[in-house]
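Report on one structure; see the data block that follows.
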Amino acid sequence: MKKLYKILWFFIKLGLFFALLGIATLYVTYKVMEKDLPSVESIREYKLQVPLRIYSKDGKLIRVFGSKRRSPAAIKDVPQHLIDAYIAGEDANFYNHYGVDPKGLFRAVWELITTGHKKTGGSTITMQLTRNVFLSLKQTYTRKLKEIFLAIKLEQTITKDEILELYLNKNFLGHRSYGIVAAADMYYGKKLNELTLAECAMLAAPPKAPSTINPITNPERATERRNYILRRMLELGYINQKEHDQAVAEVDAARKHEPAIELNAPWIAEMVRAEMLEKYGDGIYTDGYVVTTTIDSKLQQTAEVAVQKGLQVYDKRHGYRGAIKHFDLDTRSETSTQESINKALDAIKSIPSTAGLQAALVTFVEEESMIVRLLDGQDAVIQFETSKWAAPYISNNKVGNKPKSMNDISQLGDVVMVKRDESGEFVLAQIPRVQGALISLNPNTGGMNALIGGFAFNLSKFNRVTQAKRQPGSGFKPLLYSAALDAGLTASTLINDAPIVFDDKKLEDTWRPQNANMKFLGPILLREGIVHSKNLVSIRVLERIGIDKGRNHMLKFGFNPEDIPRNLSISLGTPNITPLEMSRAFSVFANGGYLIEPYLIEKITNQNGELLFQQPKVILCDNCQEQKKQATKDQATNEENQESQDNNDEKNTLNAVNPQDELEIIYPPRVISAANGFIIESFMKDVVKRGTGYKAMVLKRQDLAGKTGTTNDQRDAWFNGYQRTIVTHAWVGFDTPEEMGRGEYGGRVALPIWIDFMRVALAGVPEYQRPIPPGVIAAKINPATGKLAAPGKSNTKLEYFLVGHLPEEESSEAQAIELDAETEDDLF
């Protein structure tokens, strides 16, 4: 017995020796490695790599930029079943250990010694997190030791819930999904609170091997792992037998779910991405910025439909350009026919579908119809009745004979584009060659309501709103006439509408400008010159006031001086400017004379929801110097208070904006008088009521103003128009300028697009009657002479004038009429 006691005591001492030796070894190892260990304190500032998200002003997702799909979730928002699934599958003792589970480690070591293979993992959730955050994935014993040391330190630094939250959001779970929110969306298209028990267990399956054990890449292995996790949850008491059995029996329905883009606005997304990249650098793809734009989702969708419809309507007027491809189908037998059809379909899969148009193969043709096979294998019937427009295209000015049957349009083996019409039936279509753009602004702030940069972004990423510098044609005339009023001309000034020839040294050759309709009216009122878009009147107006005076006035509207040549041709809109610049210029008329700055980003927040940027408030007012001084003073005070707060609060986030702070205020400069703008607007209202923009009266509103624009040979077609609360410009033309065809003026090509958009934009918006500003009077004139009418004279009309610029009187007894709101209703 005594001998047995001695032996036992020997082994106890031996065990204590090795234990102490092990502890000493670990301590020495730790001290040796300590200098190479990263600081776990940095975990508090650790930022998950979260992509950039862009939203419309009403919260619709426009685009996600970033290679990693991730949306962090707070631990309080994670379903208990999902937490239990991860703990059961990865670390059942998570809430009881101090970062390392000795039992799990010894089991893994023993398996390695006895079998030469590690069958079970010894890493805790904390150890996995330290590996993912601080260490490489290279499997070495040194890394494992670092993992252990860091896990122990991490458990002393942050709470268990904080560790679990970061782990659940950090983990890669396959298919570009990082974190449980992204994985739930990718595999099931669900939010966390919508997941079933079986789906929670499935989301806990990938951590072991996310690229291979996930429900899409390898559903069998993933299901085995899911069922193992469910069994462990049952053993640990997290679920009962009934819940376990139901979850195991559930058929997994995982499939790829791409990010739910709620609003198609690719040009907007690219503009925001470029602006964010300039502002924050490459970090925009990983730092979790959330951008809210000024875009109205309903108006953006309306703009897209309006532009695509308008371009296709123009395109159909100019004929059918034929099949985009042709295959000689083998029709010797039913089998050979089907084989050749399948081969042809495989060959055209690369043809992109866009704007509702898709490629199809013609498999049968008769006089009154044809059958096409779509890429998804569906057959569709195309009726000749809906295809009669498809006369052969010859040029933009000429089409061939109208087809008499479907055989004149297509033949077996043709590849054509088709789309569904408003009734849902498939019809023949084609992708337009012509391009277009639409931009809509809030004239009071500069915020963009909608922007369409072309027919389809996947066909051309070129943004014609911001990048295409085109001649505005007659759309530039309101700016010239505004200059004329400031130079002393009046609405009733007579200008001769007659041929003219210039030998201008600043022009390359002798210039013989013409009116669009080649007709001349002789002396006409200035108002009538713009209403009927008379080119020769505009030229004489600029010649009369002087090129420099006219040009300098035009530059007040925000244009680059290099884009406005110093010659008479600018009276006809020869400057090369973008639709966005035109929209900014017309906003001056809409808002009463102020030059606003267009913008797209309303606010920016970081992944913690902290405000980083808020668009300054815009106030339109005269005599704002006192407000400006006070705003500057308030801003300085706010900055001092913020600096003081930053010094006293080290946790304050860098660059974050305090939502309670007063917003910066912008006071746009006044560039034309309210009186000048009021009279020019009255001109443009007449353009809509009885001039080249008369089609807009289909909207049945009296508060619309605008101007058509067409350049030489109909290379550009515009409609520039507005209502007091919204300014919208539509442009149509070829990217490489060419003639669009006879009669394709702004009023025919661009105006219908504008109408379709404004019909929706102005729905429910009450009509606006602009108050008559100081400095405007009205008087009766003789429309034949433009002079003040004598008392009692018939055939007179009321006209607006700037105070101090009444025309010459026909009689000394002629009287000016004081204006009020009722008087304005009687004018014109």
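Strictly over 31 Å apart at the Cα level, which of K398/K695; K68/K153; K57/K325; K519/K689; K57/K700 would you flag in this model?
Details: K398/K695 25 Å; K68/K153 29 Å; K57/K325 43 Å; K519/K689 21 Å; K57/K700 29 Å.
Over 31 Å apart, Cα to Cα: K57/K325.
Less than 12 Å Cβ to Cβ from T302, Lys/Arg counted +1 and Asp/Glu -1: what total charge do the surrounding residues give?
The answer is 0.
Which order do peptides 581-590, 264-273 fall in by mean Cβ count within 10 Å, highest first?
So the order, starting with the most tightly packed, is 581-590, 264-273.
So, with a 1.4 angstrom probe, what is the percent of accessible area on the range 302-453 that is carbon and sulfur?
Exposed carbon and sulfur together represent 47 percent of the surface.
In debye to the nearest 20, how big a dipole does the range 414-512 give about its Cα centre with +1 on each Lys and Arg Cβ and -1 on each Asp and Glu Cβ?
Rounded to the nearest 20 debye, it is 360 debye.
For the ranges 216-229, 415-428, 199-212, what's the packing order if you count other beta-carbon atoms within 10 Å of each residue, average per peptide, and put the highest first?
Working: 216-229: 17.8, 415-428: 15.9, 199-212: 22.6.
The packing order, highest mean first, is 199-212, 216-229, 415-428.
Local charge sum around S211 (other residues, Cβ-Cβ under 12 Å, Lys/Arg +1, Asp/Glu -1)?
It works out to a net charge of +3.
Suppose all protein chains stay in the model; what accessible area per residue would a 1.4 Å probe give for the range 671-727, in Å²?
Spelled out: the 1.4 Å probe surface of the range 671-727, per residue, equals 28 Å².
For the range 430-563, what does the accessible surface come to per residue with a 1.4 Å probe? Please give it in Å². Please list the in-between numbers first.
Details: 4990 Å² over 134 residues.
Computed with neighbouring chains in place, this is 37 Å² per residue.
Quote to one decimal, in nm, the extra length available between E366 and K57 on full extension: 0.36 nm per residue of separation minus the C-alpha distance between them.
Stretched fully, the E366-K57 segment lengthens by 106.2 nm.
Based on the Cα gyration tensor of the range 335-404, what are the three equivalent ellipsoid semi-axes, each the root of five times an eigenvalue, rounded to whole Å and given largest first?
Square roots of five times the eigenvalues give 26, 16, 12 Å.
Positive end of the dipole of the range 356-428, charges at C-beta (+1 Lys, Arg; -1 Asp, Glu), about the Cα centre: which of G413, P392, F426 has its Cα farthest in that direction?
P392
Per residue of the range 322-339, what does 6.51 cos²θ - 1.76 cosθ + 1.60 with θ = phi - 60° give for ³J(HN,Hα)? Whole Hz please, x for Gly and Pro, Karplus curve as stated.
Result, ordered by residue: x, 5, 7, 7, 9, 10, 7, 6, 7, 9, 5, 8, 4, 5, 5, 5, 5, 5 Hz.
Could you tell me which of rounded, prolate or oblate describes the range 493-618, using a ≥ b ≥ c as the square roots of the eigenvalues of the alpha-carbon gyration tensor, with rounded for a/c under 1.5 and, failing that, prolate when a/b is larger than b/c and oblate otherwise?
In terms of gyration-tensor shape, prolate.
Project the alpha carbons of the range 185-259 onto their principal axes and report the range along each, largest first, in whole Å.
In descending order, the Cα extents are 35, 24, 18 Å.
Measure off 7 Å from each Cα along the Cα-to-Cβ vector at R566 and K68, then give the distance between these two points in nanometres to one decimal.
Here the answer is 5.7 nm between the modelled labels.
Suppose every K and R has +1 on its Cβ and every D and E has -1 on its Cβ; what is the size of the dipole of the range 337-458 about the Cα centre, in Debye to the nearest 20?
540
Between K279 and L145, what is 0.36 nm times their sequence separation minus the Cα-Cα distance? Round to one decimal in nm. Each step should come with its number before you reach the end.
On the way: separation 134, 0.36 × 134 = 48.24 nm, distance 4.16 nm.
The span from K279 to L145 would gain 44.1 nm if fully extended.
Using r as the Cβ-Cβ distance of T157 and E235, and R0 as 35 Å, what FRET efficiency do you calculate, to the nearest 0.05?
Given R0 = 35 Å and the Cβ-Cβ separation, E is 0.65.
What does the charge dipole of the range 193-271 about its Cα centre add up to, to the nearest 20 debye, if the Cβ of each Lys and Arg holds +1 and the Cβ of each Asp and Glu holds -1?
Roughly 380 debye, rounded to the nearest 20.
Any idea of the accessible area per residue across the range 271-382, 1.4 Å probe, to the nearest Å²? Please report the intermediate quantities before stating the final value.
Details: 5420 Å² over 112 residues.
Counting only protein heavy atoms, the per-residue value for the range 271-382 is 48 Å².
Along the charge dipole of the range 527-611, pointing to its positive end and built from +1/-1 on Cβ of Lys, Arg, Asp and Glu, which listed residue (G592, P579, N535) has its Cα farthest out?
Ranked along the dipole, the leading option is N535.
Classify the range 694-802: rounded, prolate or oblate, from the alpha-carbon gyration tensor (a ≥ b ≥ c, eigenvalue square roots; a/c under 1.5 rounded; otherwise prolate if a/b is larger than b/c)?
Since a/c reaches 1.5 but b/c is at least a/b, the shape of the range 694-802 is classed as oblate.
Between rounded, prolate and oblate, where does the range 473-564 land on the alpha carbon gyration tensor, with a ≥ b ≥ c its root eigenvalues, rounded for a/c under 1.5, else prolate if a/b exceeds b/c? Kindly include the intermediate steps, with their values, before the conclusion.
Working: a/c = 1.72, a/b = 1.14, b/c = 1.51.
The shape class here is oblate.
Work from the charge dipole of the range 722-793 (Cβ charges, +1 for Lys and Arg, -1 for Asp and Glu, about the Cα centre) and give the residue of A778, P737, V749 farthest towards its positive end.
A778
Ranked highest first by average number of other Cβ atoms within 10 Å, how do 753-762, 374-383, 521-530, 90-99 line up?
753-762, 521-530, 90-99, 374-383
Where the accessible area of the range 697-772 is counted over protein heavy atoms with a 1.4 Å probe, how much of it, in %, is carbon and sulfur? Present the calculation step by step, with values, prior to reporting the outcome.
Numbers: 1390 of 2750 Å².
Solvent-exposed carbon and sulfur of the range 697-772 make up 51 percent of the total.
The values are calculated or read from the model by the stated rules, or taken from the named source; none is laboratory data. Being a predicted model, the structure only gives us computed values, none of them experimental. In this analysis, Cβ positions are derived from the backbone assuming ideal geometry, glycine residues included, and neighbour counts consider all displayed protein chains. Heavy atoms of the whole protein, side chains included, go into the accessibility calculation; ligands, DNA and RNA do not. Shrake-Rupley method; radii C 1.70, N 1.55, O 1.52, S 1.80 Å.
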